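A.B. asks: Dropping a structure here in C-alpha coordinates format, bear with me for questions.
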Amino acid sequence: MTELPNSIDRRIKKSKAALKDALIQLMQKQPFKEISITEIVQLADLNRGTFYRHYQYKEGLFNEMIDDVIKDLVASFREPYQDMELFRVSHMPSSAIKIFEHVHQHAPFYTLVVKSEAASNFQQMICEVLRNLALQDLTEVFPSHINQELLASYQSHAIFGMILEWIRQEFKHTPAYMAEELFKIINFKPANAVVQSNLK
(Lines give C-alpha, C1' and ligand atoms only; values in the text may rest on other atoms or scores of the structure.)
Protein backbone atom coordinates (compact mmCIF):
# COMPACT_ATOMS: atom_id res chain seq x y z
CA MET A 1 0.00 0.00 0.00
CA THR A 2 1.44 3.35 -1.08
CA GLU A 3 1.66 6.00 1.62
CA LEU A 4 -0.11 9.26 0.84
CA PRO A 5 2.07 12.42 0.39
CA ASN A 6 0.27 14.23 3.25
CA SER A 7 1.00 11.34 5.56
CA ILE A 8 4.69 11.41 4.59
CA ASP A 9 4.84 15.18 5.12
CA ARG A 10 3.28 14.86 8.58
CA ARG A 11 5.76 12.15 9.52
CA ILE A 12 8.70 14.24 8.33
CA LYS A 13 7.47 17.28 10.27
CA LYS A 14 6.96 15.16 13.39
CA SER A 15 10.47 13.66 13.12
CA LYS A 16 12.09 17.06 12.56
CA ALA A 17 10.17 18.58 15.48
CA ALA A 18 11.31 15.74 17.75
CA LEU A 19 14.95 16.25 16.72
CA LYS A 20 14.73 20.01 17.33
CA ASP A 21 13.09 19.58 20.73
CA ALA A 22 15.78 17.06 21.67
CA LEU A 23 18.57 19.42 20.63
CA ILE A 24 17.09 22.27 22.67
CA GLN A 25 16.82 20.03 25.74
CA LEU A 26 20.43 18.89 25.35
CA MET A 27 21.72 22.44 24.84
CA GLN A 28 20.11 23.42 28.13
CA LYS A 29 22.45 20.98 29.86
CA GLN A 30 25.71 21.07 27.89
CA PRO A 31 27.59 23.11 25.26
CA PHE A 32 26.52 22.58 21.66
CA LYS A 33 29.98 21.38 20.60
CA GLU A 34 29.79 18.50 23.12
CA ILE A 35 26.42 17.19 21.91
CA SER A 36 26.53 14.10 19.69
CA ILE A 37 24.06 13.03 17.03
CA THR A 38 23.60 9.80 18.98
CA GLU A 39 22.39 11.78 22.00
CA ILE A 40 19.99 13.77 19.84
CA VAL A 41 18.37 10.75 18.19
CA GLN A 42 18.16 8.78 21.45
CA LEU A 43 16.36 11.64 23.19
CA ALA A 44 14.10 12.12 20.16
CA ASP A 45 13.39 8.35 20.15
CA LEU A 46 14.48 8.09 16.52
CA ASN A 47 17.29 6.29 14.72
CA ARG A 48 20.38 7.76 13.11
CA GLY A 49 19.04 6.93 9.65
CA THR A 50 16.13 9.31 10.24
CA PHE A 51 18.54 12.07 11.23
CA TYR A 52 20.75 11.59 8.16
CA ARG A 53 17.75 11.59 5.82
CA HIS A 54 17.23 15.23 6.75
CA TYR A 55 20.60 16.57 7.95
CA GLN A 56 24.27 15.91 7.33
CA TYR A 57 25.51 17.46 10.58
CA LYS A 58 23.99 18.70 13.84
CA GLU A 59 24.80 22.25 12.65
CA GLY A 60 22.29 21.74 9.84
CA LEU A 61 19.61 20.89 12.37
CA PHE A 62 20.47 23.94 14.48
CA ASN A 63 20.55 26.27 11.46
CA GLU A 64 17.13 25.01 10.34
CA MET A 65 15.79 25.79 13.81
CA ILE A 66 17.03 29.36 13.42
CA ASP A 67 15.53 29.60 9.91
CA ASP A 68 12.15 28.40 11.23
CA VAL A 69 12.17 31.03 13.97
CA ILE A 70 13.20 33.80 11.55
CA LYS A 71 10.36 32.91 9.15
CA ASP A 72 7.85 32.97 11.99
CA LEU A 73 9.32 36.25 13.26
CA VAL A 74 8.82 37.88 9.85
CA ALA A 75 5.22 36.64 9.69
CA SER A 76 4.44 37.90 13.20
CA PHE A 77 6.03 41.31 12.50
CA ARG A 78 3.99 41.77 9.33
CA GLU A 79 0.70 40.47 10.70
CA PRO A 80 -0.67 43.87 11.88
CA TYR A 81 -0.43 45.44 8.42
CA GLN A 82 -0.07 42.71 5.80
CA ASP A 83 -3.68 43.02 4.54
CA MET A 84 -3.90 46.81 4.75
CA GLU A 85 -3.51 49.26 1.90
CA LEU A 86 -3.07 52.16 4.31
CA PHE A 87 -1.37 51.55 7.64
CA ARG A 88 -1.38 54.08 10.49
CA VAL A 89 0.65 53.06 13.53
CA SER A 90 -1.29 55.40 15.83
CA HIS A 91 -4.58 53.67 14.86
CA MET A 92 -3.24 50.19 15.47
CA PRO A 93 -4.47 48.48 18.67
CA SER A 94 -1.76 46.98 20.87
CA SER A 95 -3.45 43.58 20.41
CA ALA A 96 -2.34 43.70 16.75
CA ILE A 97 1.32 43.47 17.79
CA LYS A 98 2.17 39.77 17.49
CA ILE A 99 5.94 39.74 17.85
CA PHE A 100 5.83 39.02 21.58
CA GLU A 101 3.42 36.14 21.05
CA HIS A 102 5.99 34.78 18.60
CA VAL A 103 8.81 35.09 21.16
CA HIS A 104 6.69 33.51 23.89
CA GLN A 105 5.78 30.62 21.59
CA HIS A 106 9.49 30.00 20.99
CA ALA A 107 10.54 30.88 24.55
CA PRO A 108 12.87 27.87 25.13
CA PHE A 109 14.66 28.58 21.86
CA TYR A 110 15.04 32.34 22.47
CA THR A 111 16.20 31.80 26.03
CA LEU A 112 18.71 29.24 24.88
CA VAL A 113 20.23 31.03 21.91
CA VAL A 114 20.55 34.32 23.76
CA LYS A 115 22.72 32.54 26.33
CA SER A 116 24.43 30.00 24.08
CA GLU A 117 27.84 30.31 22.43
CA ALA A 118 26.42 28.40 19.45
CA ALA A 119 24.33 31.42 18.44
CA SER A 120 26.56 34.32 19.34
CA ASN A 121 25.43 36.20 16.21
CA PHE A 122 21.71 35.57 16.80
CA GLN A 123 21.07 39.02 18.29
CA GLN A 124 22.68 40.69 15.29
CA MET A 125 20.69 38.44 12.95
CA ILE A 126 17.34 39.28 14.59
CA CYS A 127 18.10 43.01 14.61
CA GLU A 128 19.07 42.85 10.94
CA VAL A 129 15.82 41.06 10.07
CA LEU A 130 13.73 43.65 11.95
CA ARG A 131 15.70 46.51 10.40
CA ASN A 132 15.24 45.17 6.87
CA LEU A 133 11.52 44.58 7.45
CA ALA A 134 11.08 48.19 8.54
CA LEU A 135 12.99 49.49 5.52
CA GLN A 136 11.06 47.24 3.11
CA ASP A 137 7.57 47.73 4.53
CA LEU A 138 7.31 50.83 6.70
CA THR A 139 9.26 53.66 5.09
CA GLU A 140 5.96 55.30 4.09
CA VAL A 141 5.14 55.87 7.76
CA PHE A 142 8.62 57.08 8.71
CA PRO A 143 9.03 60.83 9.30
CA SER A 144 10.59 62.33 6.18
CA HIS A 145 13.02 64.52 8.15
CA ILE A 146 14.74 61.52 9.84
CA ASN A 147 17.33 59.28 8.19
CA GLN A 148 15.37 56.11 7.41
CA GLU A 149 18.26 53.67 7.80
CA LEU A 150 19.22 55.10 11.19
CA LEU A 151 15.60 55.07 12.37
CA ALA A 152 15.09 51.47 11.24
CA SER A 153 18.28 50.40 13.01
CA TYR A 154 17.28 52.27 16.18
CA GLN A 155 13.82 50.69 16.24
CA SER A 156 15.05 47.16 15.57
CA HIS A 157 17.60 47.29 18.40
CA ALA A 158 15.01 48.86 20.71
CA ILE A 159 12.49 46.06 20.08
CA PHE A 160 15.12 43.37 20.55
CA GLY A 161 16.26 45.15 23.69
CA MET A 162 12.73 44.71 25.07
CA ILE A 163 12.85 41.03 24.11
CA LEU A 164 16.22 40.58 25.88
CA GLU A 165 14.91 42.25 29.02
CA TRP A 166 11.81 40.04 28.91
CA ILE A 167 14.02 36.96 28.67
CA ARG A 168 16.21 38.20 31.55
CA GLN A 169 13.05 38.61 33.64
CA GLU A 170 12.07 35.03 32.72
CA PHE A 171 8.92 36.13 30.87
CA LYS A 172 7.25 37.46 33.99
CA HIS A 173 4.96 39.64 31.84
CA THR A 174 2.40 38.35 29.35
CA PRO A 175 2.83 38.89 25.60
CA ALA A 176 -0.19 41.23 25.75
CA TYR A 177 1.50 43.35 28.43
CA MET A 178 4.71 43.57 26.38
CA ALA A 179 2.71 44.56 23.28
CA GLU A 180 0.92 47.27 25.24
CA GLU A 181 4.22 48.68 26.54
CA LEU A 182 5.71 48.70 23.02
CA PHE A 183 2.55 50.43 21.75
CA LYS A 184 2.95 53.11 24.45
CA ILE A 185 6.62 53.58 23.57
CA ILE A 186 5.84 53.86 19.83
CA ASN A 187 3.22 56.54 20.49
CA PHE A 188 5.13 58.40 23.21
CA LYS A 189 5.95 61.94 22.10
CA PRO A 190 7.92 63.70 24.83
CA ALA A 191 7.68 67.46 25.11
CA ASN A 192 10.77 69.61 25.29
CA ALA A 193 11.27 68.97 28.96
CA VAL A 194 13.75 70.62 31.29
CA VAL A 195 15.49 68.06 33.45
CA GLN A 196 17.31 68.98 36.63
CA SER A 197 20.50 66.99 37.00
CA ASN A 198 21.50 65.54 40.35
CA LEU A 199 25.14 65.39 39.30
CA LYS A 200 27.46 67.75 41.16
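The values are calculated or read from the model by the stated rules, or taken from the named source; none is laboratory data. Every value quoted in this text rests on a predicted model; they were computed, and no experiment measured them. As a convention, Cβ positions derive from the backbone with ideal geometry for all residues, glycine included, and neighbour counts pool all protein chains shown. Quick note on the areas: whole protein, heavy atoms, side chains included, nothing else; ligands and nucleic acids left out. Shrake-Rupley method; radii C 1.70, N 1.55, O 1.52, S 1.80 Å.
A.B. asks: Which value, in debye to the nearest 20, describes the size of the charge dipole of segment 9-83 about its Cα centre when Lys and Arg Cβ atoms bear +1, Asp and Glu Cβ atoms bear -1, and nothing else is charged? Present the calculation step by step, with values, prior to reporting the outcome.
C.D. replies: Values: 13 positive and 12 negative charges, 66 e Å.
Magnitude of the dipole: close to 320 debye.
A.B. asks: Between MET125 and TYR154, with labels modelled 7 Å along Cα→Cβ, what's the label distance in nm to one decimal, could you check?
C.D. replies: 2.8
A.B. asks: Here's something else I'd like to know. Among 32-44, 100-112, what's the highest-first ranking by average C-beta atoms within 10 angstrom per residue? Show your work: numbers first, answer last.
C.D. replies: Numbers: 32-44: 15.4, 100-112: 18.8.
By packing density, highest mean first, the sequence is 100-112, 32-44.
A.B. asks: Expressed as a whole number of Å, what is the distance separating the alpha-carbon centroids of segment 145-171 and segment 24-42?
C.D. replies: 31
A.B. asks: Give me the 1.4 Å probe accessible area per residue for segment 127-169, excluding ligands and nucleic acids, in Å². List each step's numbers first, then the result.
C.D. replies: Details: 2430 Å² over 43 residues.
Accessible area per residue, segment 127-169: 57 Å².
A.B. asks: For a quick protection proxy, order the peptides 154-164, 139-149 by their average other-Cβ count within 10 Å, most packed first. Please report the intermediate quantities before stating the final value.
C.D. replies: On the way: 154-164: 17.1, 139-149: 10.4.
In decreasing order of mean packing, 154-164, 139-149 become 154-164, 139-149.
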